[in-house]
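Reviewing the structure listed below.
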Amino acid sequence: MKLPSSEEIVEDLAFFDDWEQRYQYIIDLGKGIPRLPESEHKDQYKVRGCQSNVWLISHQREGRLQFEVDSDAIIVQGLLALVMAAYNDKAPADILAFDIDDYFEQLDLERHISPTRGNGLRAIVANIRNQAQRAV
């Protein structure tokens with residue numbers, strides 16, 4: 001399944017009346033991204049600062065960063081899908097220029113996830129931005 005764009009996700013989430021429906025949409029997005037094989041659940045790919053286990057692998061192809069992600073928590077897999085919609089298969093400069101705070105604000109996300117999930121989300125974003133910075 002190809003993820004919708006970050007703009008499409010903002011529009012889709014605005015369609016739902018309550019956060020229970022929005023959570024289900026986010027979870028469904030997470031089900032649509034490929035899982036990493038267990039053999040790739042290595043410590044070197046683990047994102048520090050997340051409450052759940054999160055693994056992030058990056059590759060650079062033709063000037064774009066591509067990410068493979070996985071989590072052991074279903075809601076975090078959905079949050080990863082939101083982040084991948086913003087960052088996957090983008091040039092490093094585009095990743096660094098993307099206003100992730102505005103994106104999260106448009107999603108009204110951080111008011112509806114726990115502080116520890118929010119910290120984990122920030123750790124994932126920081127990891128991706130660090131990789132983009134190194135690739136510039």
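The values are calculated or read from the model by the stated rules, or taken from the named source; none is laboratory data. Source: prediction; values computed, not measured. Reconstructed Cβ throughout: ideal geometry from the backbone, glycine too, with neighbour counts over all protein chains shown.
So here's what we get for this one:
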quantity	calculated
Yes/no for D17 being free of Cβ contacts under 8 Å to residues at least 24 places away in the same chain, acidic (D, E) and not in a helix (DSSP H, G or I)	yes
Complete set of residues in the range 118-133 that are at pLDDT 95 or above, loosely packed, with under 15 Cβ neighbours inside 10 Å and farther than 14 Å from F98 by Cα	none
Of residues in the range 26-45 being of a type outside the set (G, A, S) and within 14 Å of the chain's Cα centre (by Cα), the one surrounded by the fewest Cβ atoms within 10 Å (Cβ to Cβ)	P34
Residue identified as closer than 21 Å to K2 by Cβ, in a loop (DSSP other than H, G, I, E, B), in contact with a helix residue (DSSP H, G or I) (Cβ under 6 Å, 6 or more places away or on another chain) and aliphatic (A, V, I, L, M) among I26, I33	I33
Residue tally, condition crowded, with 20+ Cβ neighbours inside 10 Å and part of a strand (DSSP E or B), over the range 57-89	5
Restricting the range 40-52 to residues that are modelled with pLDDT of 95 or more and not aromatic (F, W, Y), the residue that is farthest from R122 (Cα to Cα)	E40
